[in-house]
Amino acid sequence: MLSEFDLIAHYFTRPLRRSDRLALGVGDDCALLTPAPGMQIAVSTDMLVEGRHFFANADPQKLGHKCLAVNLSDLAAMGAKPLAFTLAFALPEANSEWLAAFSRGLFALADRHECELIGGDTTKGPLNICVSVFGEVPLTDALRRDKAKVDDDIWVSGTLGDARLALAGYRDEFPLEQATLDLAAERMHMPTPRVALGLALRGIAHAAIDISDGLSGDLQHILDHSQVGASLRIDALPAGPMLARQRRTLRRNFCLAGGDDYELCFTAPEVRRDAVLAAAQASGVAVTRIGRIEAEPGLRLLDEANQPVSINVTSFDHFNSP
């Protein structure tokens, strides 16, 4: 049976490769980070709880990917370059096969973004995974929620709704072909943090947020913090390839309030449209212009004919959602 320290040493201890920023990693009471001159540290924490954020018996390799991906998505929304992360988790048991697969998924994504594991904690208990991630961003370049300006365009990266479609399939909310469910589920289990796009949008975008709880609710955070409103062209929302095959009502609902998309929603001035498209091309991800920031508070939904649409959807809330 693996001890706590054997577990850490065998599956989660590796030599540091970025000694210019990381003076000390796993193995001491604290890790030591050294910010570069003119940079500030961006920090984010996300917790994934079995039965709430992922199903019991979830694929451990995909789970290792996702627990870091959702944190890297927060760095992307701030325009911050990943630097390091910590991992704290409770495990029902020290299962070698599970740990090997989990760490493979975790480190494959970490290596892709040159993000080092520098510490954390382990304990026995119901499966619960908490990652804190650290990035760096120039002092004046962070993409904050409170910087949207009236007449800014509203953009979204990638596509929306396939993760919510997969959840509907798992819950048997309506009939869904197995092939459709399997393809949609990749967006739920293996989200792609838009780090390159976030970096490319520095100096172009005014405000940004990652879409974790649903577009309408997450965009509302930008509106509230920036004290502005917005109009959104609901049929311009880019549905995921599996969701795009579904009826219009479902497309609209899941694009607006699906959650688990981990795309970026951001605002930028109209005069920077070409710069936004160039940033998207350079980072290898499509972006779609979906609306406009306005002075009047509130979020207004418009159809293809520019007519108001009333849709009663709410984004995910941990204490008010099923």
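Things to note:
- Selected residue (only one of Leu176, Leu219 is open to solvent by less than 50 Å² (accessible area, probe 1.4 Å), part of a loop (DSSP other than H, G, I, E, B) and among the aliphatic types (A, V, I, L, M)): Leu176
- Scanning segment 60-75 for any residue that is at pLDDT 85 or above and surrounded by fewer than 18 Cβ atoms within 10 Å (Cβ to Cβ) turns up nothing.
- The set of residues from segment 204-213 being closer than 21 Å to Leu139 by Cβ and either modelled with pLDDT under 95 or not in a loop (DSSP other than H, G, I, E, B) (or both) comprises Ala207, Ala208, Ile209.
- Count of segment 89-121 residues which are surrounded by fewer than 16 Cβ atoms within 10 Å (Cβ to Cβ) and over 23 Å from Ala196 (Cα atoms): 7
- Considering residues of segment 231-250 that are among the hydrophobic types (A, V, I, L, M, F, W, C) and within 22 Å of the chain's Cα centre (by Cα) only, the residue most open to solvent (accessible area, probe 1.4 Å): Ala244
- Scoring Leu181 on the criteria (1) assigned to a helix (DSSP H, G or I); (2) modelled with pLDDT under 95; (3) crowded, with 19+ Cβ neighbours inside 10 Å leaves a single failure, condition (3).
The values are calculated or read from the model by the stated rules, or taken from the named source; none is laboratory data. Keep in mind that this is a model prediction, so the values were computed, not measured. Positions of Cβ are backbone-derived with ideal geometry, glycine not excepted, and every protein chain shown enters the neighbour counts. These area figures cover heavy atoms from the full protein model, side chains too; ligands, DNA and RNA do not enter into them. Shrake-Rupley method; radii C 1.70, N 1.55, O 1.52, S 1.80 Å.
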